[in-house]
Amino acid sequence: MKSPYSKTVGYELVHAARLHRARAAQLLSELGLFPGQEQVLTLLADEDRTMGDLAAHLRVRPPTASKTVARLAAQSLVERRSAPGGDGRVVRVGLTDEGRRRADAVEEVWARLEGEMVEGLDGKDRKRLKKLLRKMGRTLGVQLGGAPAPAEDHAEDADE
């Protein structure tokens, strides 16, 4: 039975997002990762972060970030460190050497996934699609009570 929403933009967006997540999970599993863990590795590739900072960047509650970090620590991909200054309440999380190698591999996975996803779209279509998705995101963000995001295009769009 065909969904009554199958002719809507929302339906196609959700469908594409589900397929994207499934393919990402498939590719990440080759690295021994689950969806969401790659985001932590990517964030930590730039700098060590506190648990609160990780949670805020991931837009999850601190206990969720803590569970993800615990799972990554069990794989020896991240390690918790006491913050400088001796405040035992503040813990910073950083990548291990293996975590850094895995973070580099995640970049390759995302590049591969991006290539697969936009195969068949020319540069103009890709740029337009990103612009439309950002516009939809801003609109929905405002509807959810968030502040409107800046409307300007991202600098990387100029490179396409």
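The values are calculated or read from the model by the stated rules, or taken from the named source; none is laboratory data. Owing to the predicted nature of the structure, the values given are computational and were not obtained by experimental measurement. In this analysis, Cβ positions are derived from the backbone assuming ideal geometry, glycine residues included, and neighbour counts consider all displayed protein chains. Note: areas computed on protein heavy atoms with side chains; ligands, DNA, RNA excluded. Shrake-Rupley method; radii C 1.70, N 1.55, O 1.52, S 1.80 Å.
Simple spin-label estimate for Val9 and Lys130 gives 1.9 nm between the two label positions (7 Å along the Cα-to-Cβ direction from each Cα). Only the Cβ atoms of Lys and Arg (+1) and of Asp and Glu (-1) were treated as charged; on that basis the dipole of the chain about its Cα centre amounts to roughly 920 debye. Reported value for the chain: 178 Å³ per residue, from the convex hull of its C-alpha atoms. Computed across the range 66-114, the Kirkwood radius stands at 12.0 Å (inverse of mean 1/r, all Cα pairs). Positive contributions from Lys and Arg (+1) and negative ones from Asp and Glu (-1), summed over other residues with Cβ under 12 Å from the Cβ of Trp110, come out at -4. Using the Cα coordinates of the range 1-85, the gyration tensor eigenvalues translate into equivalent-ellipsoid semi-axes of 33, 15, 10 Å, sorted from longest to shortest. Taking all protein chains into account, the per residue accessible area for the range 1-130 stands at 67 Å² (1.4 Å probe). Dipole of the chain (Lys/Arg Cβ +1, Asp/Glu Cβ -1, origin at the Cα centre): which of Val93, Val9, Gln37 lies farthest to the positive side? It is Val9, whose Cα lies furthest towards the positive end.
Can you work out the FRET efficiency for the pair Arg81 and Ala17, with r the C-beta to C-beta distance and R0 = 35 Å, to the nearest 0.05?
Working from the Cβ atoms, E equals 0.50.
Using Cβ point charges alone (K and R +1, D and E -1), the dipole size of the range 52-92 about the Cα centre works out to roughly 140 debye.
Counting only DSSP H runs of at least 4 residues, each contributing -39500 (n - 2.57), and dividing by the residue count of the chain, the helix-based mean residue ellipticity at 222 nm comes to -19500 deg cm²/dmol. In order along the range 102-110, the phi-based Karplus estimate (6.51 cos²θ - 1.76 cosθ + 1.60, θ = phi - 60°) of 3J(HN,Hα) comes to 5, 4, 5, 5, 4, 4, 5, 4, 5 Hz; Gly and Pro are listed as x. Converting phi to 3J(HN,Hα) with the Karplus coefficients 6.51, -1.76 and 1.60 and the offset θ = phi - 60°, the range 24-34 yields 4, 4, 4, 5, 5, 4, 5, 9, x, 10, 10 Hz in sequence order, with x at every glycine or proline. Note on the chain: Lys pairs 8 or more places apart or on different chains, Cα atoms under 30 Å apart, count 10.
What percentage of the solvent-accessible surface of the chain, computed with a 1.4 Å probe over protein heavy atoms, is contributed by carbon and sulfur atoms? Mind showing how you got there, number by number?
Details: 6160 of 11210 Å².
On the chain, the fraction of accessible area on carbon and sulfur atoms equals 55 percent.
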